[in-house]
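Participant: Below is one structure. I have some questions about it.
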Protein chains: 2
Amino acid sequence: MPPRLRDRQPIRGEAETGRRAVETGHRQDQRTATERRRTELLEAAERVVLRDGPEASMNAIAAEAGITKPILYRHFGDKSGLYRALAKRHTDALLATLRAALDSPGDRRDRVEATLHAYLSAIESNPQVYRFLMHPAEAPTGDGEKGFDLGRHQVPLLRRMGEELGDVVAEQLDLGPDAGTVARVWGHGIVGMMYAAGDWWLGERPCPRDELVRTLADLLWGRLSTAPDRTAPQ
Amino acid sequence: MPPRLRDRQPIRGEAETGRRAVETGHRQDQRTATERRRTELLEAAERVVLRDGPEASMNAIAAEAGITKPILYRHFGDKSGLYRALAKRHTDALLATLRAALDSPGDRRDRVEATLHAYLSAIESNPQVYRFLMHPAEAPTGDGEKGFDLGRHQVPLLRRMGEELGDVVAEQLDLGPDAGTVARVWGHGIVGMMYAAGDWWLGERPCPRDELVRTLADLLWGRLSTAPDRTAPQ
DNA sequence: CCACGTACGTTACTAGCGGTAACCGCAGTC
DNA sequence: GACTGCGGTTACCGCTAGTAACGTACGTGG
């Protein structure tokens, strides 16, 4: 890869214009102030990530915020800390949307289709956020354990969505014995189905969204088992 | 000398002990020789990746092979080239296994379960290879296009499996109009289901493999639509 | 008043990364 | 003998994440 021009360092003395004078009266808004600062930094980070993708550098983020790296590290510990904080808002929002769709009125098929629609339109309307959430660009291990744990620190959104959907399935359906396990398996399975099909669809756009939703719902409705064989009539 | 610590370079003169003398007779095995060298390097890389995970450094791989970085770059271009070469063998093997399962005798349900079994036992028997294949640890863009392409250079194995399965579905089932699109959607969807459920199962081990296979097959067989409601016990 | 704690901010560094330029030496071939 | 190509090296580049040390404004408490 050709060497990139070094990213611009923050311009000196432009971040602190006319700020301090506003809150002279208040005293112990220290905590709220740092909180506000935190969200300011997060918004800057979000701008950069949405512009440059998940591989945005801490330098670039700091520059966007008008400051330098050490402050970012004071606030978020390390890069994965920043990314975790950044991801939280979006994952929470997405999960809320999905839960709303899962609890929407209508029969079961309607709810399933509504959920698929919700997920797909979310990733469609903001692919870069989706990409950032799903492909965290190397979350640096971080756990003390070296070895074959596998998957713990990876793609947490997929896991969370799977757990969430499993809960909903468990609470809405009567699955007989082993209901808990079955529901969780289905939760992760269905989420994975949404994920892979959605990722592929977003890249190739082979059909409108409704058709994708219908086709996936057909799959979940067992059409795979009832479709006629093709080798026989030939 | 500047005070920079140098990372350990490979030990001098241990890679070429008693090698040259063997093939004095042959002449134009240059191509086969470089081919052999390539696979030697790939095996060294594999050892390191299986030991250190996907974030293994080129320096470490070169050291393991008893050489230095530039040779790796001569052979594979860049890191993603090496990783692609490294992944190819395993993906080919896995895809062949899956295809065999998809074409196995028995009825449709048997074939589906056989395929699930094949995938799950593959990732179970070698989780680190699986992890390397699925989470390529930041394939560095590489494409000229900057922007929102999304997903093209990401997780190629998932895509390939989806395409492959879509082909099989299309050639075995009669899906009426739009058969091509339906088959591909299903291919990617089913693969995603396997992927997410398998990843979760591998981490938590909530049930034996057979049960997971059966539960997923049940999902594909439409049990989601036929399971009784739980909130309204008629 | 002065000292303290605390936030914000900087400069200047470190080790390590992927990747490359320039060079050496050895084989075989025209 | 000159040319070419491959295996191999040293030494570098620009970049990254992360840190140490220092400075500056502020409000509080002895």
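The values are calculated or read from the model by the stated rules, or taken from the named source; none is laboratory data. No experiment lies behind these values; they were computed from the predicted model shown. Cβ: placed from backbone, ideal geometry, glycine included. Neighbour counts: every protein chain shown. SASA here: full protein model, heavy atoms, side chains in, ligands and nucleic acids out. Shrake-Rupley method; radii C 1.70, N 1.55, O 1.52, S 1.80 Å.
Participant: Spot the failing condition for residue B:101; the list is (1) outside the structural domain of residue B:186 (by TED's automatic domain parsing); (2) closer than 21 Å to residue B:157 by Cβ, and only one is missed.
Facilitator: The failed condition is (1).
Participant: Let me ask something else about it. Can you tell me which residues in region B:176-203 are more than 7 Å from chain A (Cβ to nearest Cβ), over 20 Å from residue A:214 (Cβ atoms) and at pLDDT below 95?
Facilitator: Hits for region B:176-203: nothing passes.
Participant: I need a count of the residues in region B:36-61 that are assigned to a helix (DSSP H, G or I) and within 22 Å of the chain's Cα centre (by Cα). Write out each step before concluding.
Facilitator: The first filter runs over region B:36-61 and keeps only residues assigned to a helix (DSSP H, G or I), leaving B:36-52, B:58-61.
Next cut, within 22 Å of the chain's Cα centre (by Cα) only: B:38-52, B:58, B:60-61.
The total comes to 18.
Participant: Okay, next question. Is there a residue in region B:10-29 that is outside any loop (DSSP other than H, G, I, E, B), of a type in the set (A, V, I, L, M, F, W, C) and modelled with pLDDT of 90 or more? Talk me through it step by step, then tell me what you get.
Facilitator: Quick first cut of region B:10-29, residues outside any loop (DSSP other than H, G, I, E, B) only: B:20-23.
Then drop every residue that is not of a type in the set (A, V, I, L, M, F, W, C), which leaves B:21-22.
Checking which are modelled with pLDDT of 90 or more leaves us with none.
Taking every residue of region B:10-29 in turn, none turns out to be outside any loop (DSSP other than H, G, I, E, B), of a type in the set (A, V, I, L, M, F, W, C) and modelled with pLDDT of 90 or more.
Participant: Would you point out which residue out of A:82, A:95 is outside the structural domain of residue A:42 (by TED's automatic domain parsing), over 30 Å from residue A:71 (Cα atoms) and not charged (D, E, K, R)? Spell out how you get there, then give the answer.
Facilitator: On the way: A:82 fails: over 30 Å from residue A:71 (Cα atoms).
So the residue among A:82, A:95 that is outside the structural domain of residue A:42 (by TED's automatic domain parsing), over 30 Å from residue A:71 (Cα atoms) and not charged (D, E, K, R) is A:95.
Participant: For residue B:68, which of the numbered conditions (1) near DNA strand C (Cβ under 9 Å from one of its atoms); (2) assigned by TED's automatic domain parsing to the domain that holds residue B:193; (3) among the polar types (S, T, N, Q) fails to hold?
Facilitator: The number of the failed condition is (2).
Participant: Residues of region B:31-77 being within 19 Å of residue B:130 (Cβ to Cβ), surrounded by 15 or more Cβ atoms within 10 Å (Cβ to Cβ), among the acidic types (Asp, Glu) and at pLDDT 90 or above, which ones?
Facilitator: Of everything in region B:31-77, just one residue is within 19 Å of residue B:130 (Cβ to Cβ), surrounded by 15 or more Cβ atoms within 10 Å (Cβ to Cβ), among the acidic types (Asp, Glu) and at pLDDT 90 or above, namely B:46.
Participant: Is region A:111-123 home to any residue that is over 17 Å from the mean Cα position of the chain (by Cα), of a type in the set (Gly, Ala, Ser) and either outside the structural domain of residue A:36 (by TED's automatic domain parsing) or modelled with pLDDT of 95 or more (or both)? Can you show your working first?
Facilitator: Of all residues in region A:111-123, those over 17 Å from the mean Cα position of the chain (by Cα) come to A:111-114.
In the following step, the residues that additionally are of a type in the set (Gly, Ala, Ser) were identified as A:114.
Subsequent filtering for residues that are either outside the structural domain of residue A:36 (by TED's automatic domain parsing) or modelled with pLDDT of 95 or more (or both) retains A:114.
Yes: one or more hits.
Participant: For region B:78-112, what are the residues that are open to solvent by 40 Å² or more (accessible area, probe 1.4 Å) and within 15 Å of DNA strand D (Cβ to nearest atom)?
Facilitator: Listed by number, the residues that qualify are B:78, B:79.
Participant: Of all residues in region B:57-77, which are aromatic (Phe, Trp, Tyr) and within 9 Å of DNA strand D (Cβ to nearest atom)?
Facilitator: Keep residues of region B:57-77 that are aromatic (Phe, Trp, Tyr), which gives B:73, B:76.
Of everything in region B:57-77, just one residue is aromatic (Phe, Trp, Tyr) and within 9 Å of DNA strand D (Cβ to nearest atom), namely B:73.
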